[in-house]
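Step one of this worksheet: look at the structure below.
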Amino acid sequence: MHKLKNIIRLVLVILLVISLYAFASSRYSTRKLKSISITFTDYSDPLISEKNVNKLLIQNNDSLKNLNIENLDLNKTELRLVQNAMIRDAEVSVSLDGWLKVVVQPRKPIARIMGKTNAYLDQDNLIMPLSKEHTANVPLIYGYRENVQDKTFDLINFIKEDELLKASFTQVVFDKIDEVTLSVRAFDFKVKLGKVEKLDHKMMNYKAFLAKMQKDNGLSEIKSIDLRFDNQVVVIKK
């Protein structure tokens, strides 16, 4: 008799667990989305707005609010976001209190290509289209060809890592033999860099020369600075 009571008790416990699970599943299947939270990992150059991210989210739905959570495919939603040319990555999740949480990592331009190709070069060394919503303040690239893309990427990243160089150079011009001339923001002289190589050495010479000329107030008299030679800086005055 005691053994039978234990079996009956075990069966009742199992039935109770099944009932609770069914109840929880039923409640989850009818749970509605309350609202949407959109966050960007970087707000410095917003090439896509929260408004347009929201439009991507509600494709095929007039609104995501009050949509059953069970009917929301998070993987497809993420895929729809990352297919946008302005988005590098995205994570979509639903919180326990019914919020759809979207974290967007935008693509970040590091240079703008001018000419036949009118586009951006991004942080992954990929070409990306211009944004209809925002123009990024990045150096301009002239004379771009596919064979100089890696050189452009290396040069722009080198310049970005140095605050003085970043503040100085506004344009990069490639000639027909892939040599580079740089334009300077505050002055009208040009810097002849030559091939994109030995950048540490060339820029060390440039900064040393710049510091000396600024001390002597002589920068306004310069037409061009040539860094193509290993152990000297060649200057042409106006």
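Across region 34-51, rounded Karplus estimates of 3J(HN,Hα) from the backbone phi angles (6.51 cos²θ - 1.76 cosθ + 1.60, θ = phi - 60°) give 8, 6, 10, 10, 10, 10, 9, 6, 8, 9, 6, 9, x, 6, 9, 8, 4, 4 Hz, Gly and Pro being marked x. Volume per residue of the convex hull around the Cα atoms, evaluated for region 36-181, comes out as 123 Å³. Annotation: amide H-H contacts under 5 Å for Ser224 (H modelled 1.01 Å from N, sequence separation of 5 or more, or interchain): Lys190, Ile236. Remark on Ala90: its backbone amide H falls under 5 Å from those of Gln105, a criterion applied only to residues 5 or more positions apart or on other chains, H modelled at 1.01 Å from N. Amide H contacts under 5 Å for Gly194: Val180, restricted to partners 5 or more places along the chain or on a different chain, H placed in the peptide plane at 1.01 Å from N. For each pair in Lys101/Lys166; Lys32/Lys76; Lys101/Lys160; Lys166/Lys195; Lys76/Lys108, compute the distance between the two Cα atoms and list the pairs where it is over 30 Å. In this structure, Lys101/Lys166; Lys101/Lys160 exceed 30 Å between Cα atoms. Listed values for region 96-110 are Karplus-derived 3J(HN,Hα) couplings in whole Hz (6.51 cos²θ - 1.76 cosθ + 1.60, θ = phi - 60°), namely 4, 8, x, 8, 8, 9, 10, 10, 10, 9, x, 6, 10, x, 10, and x replaces Gly and Pro. Translational diffusion of region 79-154 was estimated from the Stokes-Einstein equation, with Rh taken as the Kirkwood radius over Cα pairs; at 37 °C and 0.692 mPa s the coefficient is 234 µm²/s.
Assign unit charges at the C-beta atoms only (+1 for Lys and Arg, -1 for Asp and Glu), then state the dipole size of region 109-237 relative to its Cα centre in Debye, rounded to the nearest 20. Intermediate results must be reported in sequence, preceding the final value.
Details: 20 positive and 19 negative charges, 88 e Å.
It comes to approximately 420 debye.
I need the Debye-formula profile for region 109-237: one equal scatterer per C-alpha, no solvent, reported as log10 I(q)/I(0) at q = 0.12 1/Å, two decimals. With one equal scatterer per Cα and no solvent, log10 I(q)/I(0) is -0.46. Counting only residues at least eight positions apart within a chain, or on another chain, the aspartates and glutamates with an alpha carbon under 15 Å from that of Lys151 are Asp122, Asp124, Asp175, Asp178, Glu179, Glu197, Asp200.
Every read-out reported here was derived from the displayed coordinates using simple, explicitly stated rules and does not represent laboratory data. The model shown is predicted, which means the values in this text are computed figures rather than measured ones. When we count neighbours, we look across all protein chains shown, and the Cβ atoms used for this are built from the backbone with ideal geometry, even at glycine.
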